[in-house]
Structures are given as structure tokens and as C-alpha cells.
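For reference, the structure is listed below as C-alpha cells.
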Amino acid sequence: MKRRIIVLLAAALFLTGCKAGREQETDADQTAFTVNGEEISLREWNFYVRMNQMQWEREDLDTYGDDMWSMEVDDDGTTLADSLKEEVMNLICRTHLSAQKAEEYGVSLSEEQLEEVRQRAEDFMGAYNEALLEYAGADEEFVCDQLSLTELSLQTEEAAVADYEPELSEEDYHREGICYVLVSTTGLRDAEGNLTPFTEEEVQERTDLAFEICETARETGDLKSVAEEKGMTPVVSSMGMTNENDGQEPLMLDAARTLEVGEISDPVETEEGWFVVQHTNDFDADASDYWKDYLTDLGRQERLAQILDEWMEQAEITVNQDVIDQVNVKIVLKELL
């Protein structure tokens, strides 16, 4: 849920340079489609298509080239442009559906929140060149309206699952303390992220280092201190009963679970290099509290997705295809920036 808020607000602030072209200004009030009787204008449709088009081009143009929008993404002949429009349609529908539920959940924007939205809209208008704003068909009032709608929908979605408590057992969020160190055998990256692989000799040296760290740490009983003395960066972390949703190296976690508290594993070989891990305690209270909150939030996100799907299934959506088709996706990023 938090991730979606960040994505939507960031996108809205990034791409005001993305809306309907001024050449369509006289037709901007045409109804592109309706959501439960609420009319969505050509202007709004075009704005969000352009917004997301610019974002996708920013991410993928260098990879796919100027013909990216005609590239087929499945065996049915669906192009990337078709995929973009489908995602934008879903985004707009769900935003309006959520906003339509605001009163039901007792959600409204305070004057302070509206002032924050107005400030974001003002900042947005000042952040981009005139050519980009002109192509986007963006003015401050319209941007403010869209940001307000997004904020209202997001707060409604939060309210819809605020009281939802996923079924969790203590075993789900129980965490035990670990400390580990990774001795990489892949290579070094420069500031641009380019990897210079280690030579065979260097790989052997680093392999020897991992085993040396393991042996010395077993003698002292303190992996963290030994790793630091060897110039490595140990990680103080935690582990659960399973690897699900953990995000740490699974082979390292599997090894850690076989250890008694205080024990140190043999070096564990992975694609990244050698891990050495110590099981430091059998209950990490802070990590367990964090994990419980994390799993609760994850469960609420899953529940919200179900609710949104239900709202979409129940919604009456009518599309004016002739109006929708007026928005053609083409490469514009290089022309405007």
C-alpha cells in the first residue's frame, strides 16, 4: 500500500509534461469513458496516457529504441502501446472507484491537506519547461485537481483496510538473531555500476579469507569483531522460521537455522561469494515486532488488492472507443526534453 502511494505521487509529480496536446484542446471535454456514471474526459485520459508514456520511455527507450511502442508483448499481437493504455485505464478506473467510496469510509481532505496538494501542483508547474507543459496540456488547476483526486483515493484505500488484521501466528513473525559476512568472489563495481571480475588468483585469495574468518571467529566466538578486523563489513540481522518474504540469501539462512545459539557456520558458497553466519540469539524482540508490522502491512495490501478487484468487477464502465482512440502513443521524450 505504501509502495503504491509513493509510485502514484512520484509519477504525478514527475510527469506533468505528459498530458493531452493543445491541438485537442477544443475536444478535451469529450467523454472518453464513464465509471459508475462519472464521466472521464478526454483530457484526463490523455493526461495519464502521456504521463505514463513519458515515464515508460524514460525507463525503456534506450533499451528498445524508437519502435518500442509497436513492439509486440504477447502472442496475440498486443503491442507495448496497447499494454500502456490498458494499465492507464485500470489506474484511472481504480482511482475514481476509490474516490467514489470516500464518503462511505468517512474520508475527506482537510484544508491543510488541500493546501499541501496545491503547493505540490505549484511546484510541479515550476519544475518543467514550457514546451513540455504545453504538450501535456497541463495547467496548475488541472494538476491540482488530479493530485487531489489521487490523494482522496489513496486515503480511502487506506481506510478500507485500516481495521483489517490478517491471521498471523507467533511463528509467522518470530525472529532470531544472526550476524553474517559476505566475502564476494564476483568482482568490484565502479561508480557507474560496471563490474570488474576478480581474477582466478583473487577468487582463491578471497576464498581463503572466508575460511580464515570462519576459523578465527570460531576460536573467539565473535564473528562480527573478526570480520571487522579483516576489513569486511558484517551484517547484524535476523531470521524467521522460513525464507518466505525474507529477501536475504536463502542458502545462508538455511545454514543459520541448523546452528545452536553462538555457533558459526562453515563458509556457504553462493553465486555472490562465501557467506559465514553466526546464530546470535533465539529471540530478537525488535526484529519480531518489525516483522509483525511488516506482515500485517503485507496482508493489508493483499486484502486491498482483493477489494479493488471487487470494486472493478462491480463497476459499470462504458467506453467511447472513438474518443479513446484519439490518443495515439508515439515517441515524444526526445522531442520534448
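Annotations for the structure displayed:
- Within the range 35-52, at least one residue is under 27 Å from residue 335 (Cα atoms), part of a strand (DSSP E or B), in the same structural domain as residue 325 (by TED's automatic domain parsing) and not β-branched (Val, Ile, Thr).
- Of all residue pairs spaced 6 or more apart or on separate chains, those with beta-carbon atoms under 6 Å, a first member in the range 76-87 that is assigned to a strand (DSSP E or B) and a second member that is surrounded by fewer than 16 Cβ atoms within 10 Å (Cβ to Cβ) and not basic (Lys, Arg) are 79/70; 79/72.
- Of all residues in the range 104-147, those satisfying the criterion of being in a loop (DSSP other than H, G, I, E, B) and in contact with a helix residue (DSSP H, G or I) (Cβ under 9 Å, 6 or more places away or on another chain) are 104, 105, 106, 107, 108, 109, 127, 128, 129, 137, 138, 139.
- Residue match in the range 179-202 (condition: within 28 Å of the chain's Cα centre (by Cα), among the aromatic types (Phe, Trp, Tyr) and either on the phi < 0 side of the Ramachandran plot or modelled with pLDDT of 95 or more (or both)): yes
- Note on the range 256-337: enclosed helices (runs of 4 or more DSSP H) holding 2 or more residues that are at pLDDT 95 or above and of a type in the set (Lys, Arg) are 285-314.
- Scanning the range 53-69 for residues that are out of contact with any Lys or Arg (no Cβ under 9 Å at 6 or more places or on another chain) and surrounded by 13 or more Cβ atoms within 10 Å (Cβ to Cβ), we see that the one that is farthest from residue 142 (Cα to Cα) is 64.
- So residue 181, is it in a strand (DSSP E or B), buried (at least 19 other Cβ atoms within 10 Å of the Cβ) and aliphatic (A, V, I, L, M): yes
- Filter pass, residue 160 being surrounded by 13 or more Cβ atoms within 10 Å (Cβ to Cβ), free of Cβ contacts under 8 Å to residues at least 60 places away in the same chain and in a helix (DSSP H, G or I): no
- Residue in the range 210-225 that is in a loop (DSSP other than H, G, I, E, B), surrounded by 14 or more Cβ atoms within 10 Å (Cβ to Cβ), in contact with a strand residue (DSSP E or B) (Cβ under 6 Å, 6 or more places away or on another chain) and assigned by TED's automatic domain parsing to the domain that holds residue 185 present: no
- Filter pass, residue 138 being at pLDDT 95 or above and surrounded by 14 or more Cβ atoms within 10 Å (Cβ to Cβ): no
- The residues on offer are 204, 248, and the sole one that is part of a helix (DSSP H, G or I) and either polar (S, T, N, Q) or closer than 30 Å to residue 306 by Cβ (or both) is 204.
- The residues of the range 243-299 that are of a type in the set (Phe, Trp, Tyr) and farther than 12 Å from residue 177 by Cβ, listed by number, are 274, 275, 290, 291, 294.
The values are calculated or read from the model by the stated rules, or taken from the named source; none is laboratory data. Keep in mind the model is a prediction, meaning the values are calculated, not measured. When we count neighbours, we look across all protein chains shown, and the Cβ atoms used for this are built from the backbone with ideal geometry, even at glycine.
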